[in-house]
Every structure is written in C-alpha cells, then in structure tokens.
Amino acid sequence: MVRNKISFKNKNVNMANKPKNRLAILKKHNYKCCICGCNELCKLQMHHLLYDLNADQTKITILVCRKCHKRIHRNKNLNLWLT
C-alpha cells in the first residue's frame with residue numbers, strides 16, 4: 001500500500017518550503033539551527049522528521065543549518081535522536 005509520502009526527487013510536493021509553512025517553521029525555531037544554534041539565515045534548511053503530506057508541516061519539520069543537515073543524513077542515529 002502506498003501512503004502519502006514526499007519523494008526526495010519530487011521537490012514540487014515539499015510542503016515545508018511553501019512560504020507560509022517556511023515562515024512558521026523559521027519563527028517556531030527562532031531563526032536558529034535546532035542543533036548548533038547557527039543563525040545565518042542563508043545557511044538554514046528544513047529537515048523533515050516525517051514525510052507525510054497530511055501532517056502539519058510545522059510539527060514534523062525542524063530548522064537546521066547546512067552543516068548539521070549533512071550530519072543528520074550521514075548519521076541515521078542522529079536522526080533518531082531528533083525524533
């Protein structure tokens with residue numbers, strides 16, 4: 001059974017990057033990386049803890065800098081720690 005999941009390849013379906021959701025996520029995390037506290041806006045990215053189109057994106061997405069985002073995807077244990 002296929003569930004409503006976002007594909008990494010299909011960026012058009014990335015609900016967290018919609019301006020309304022992105023702004024809400026930035027505000028929720030005080031414009032800082034959730035891991036290291038980096039506040040350089042140009043380096044901040046969204047990381048999905050869960051890929052579900054039906055979920056509230058502000059609750060399943062965290063804000064991380066590029067460096068920490070790479071660490072999350074390299075180290076699956078770090079991703080589990082975030083959830």
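Restricting attention to segment 55-80, report how many residues are more than 19 Å from Leu23 (Cα to Cα) and modelled with pLDDT under 85. Write out each step before concluding.
Going residue by residue through segment 55-80, those that are more than 19 Å from Leu23 (Cα to Cα) are 67-68, 70-80.
Remaining after also requiring modelled with pLDDT under 85: 75-80.
Here the count works out to 6.
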Counting only residues in segment 33-54 that are over 20 Å from His73 (Cβ atoms) and in contact with a helix residue (DSSP H, G or I) (Cβ under 9 Å, 6 or more places away or on another chain), the one surrounded by the most Cβ atoms within 10 Å (Cβ to Cβ) is identified as Leu53
Could you tell me which residue of segment 15-28 is modelled with the lowest pLDDT, considering only residues that are surrounded by fewer than 17 Cβ atoms within 10 Å (Cβ to Cβ) and closer than 19 Å to Ile72 by Cβ? Asn17
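The values are calculated or read from the model by the stated rules, or taken from the named source; none is laboratory data. Every value quoted in this text rests on a predicted model; they were computed, and no experiment measured them. Reconstructed Cβ throughout: ideal geometry from the backbone, glycine too, with neighbour counts over all protein chains shown.
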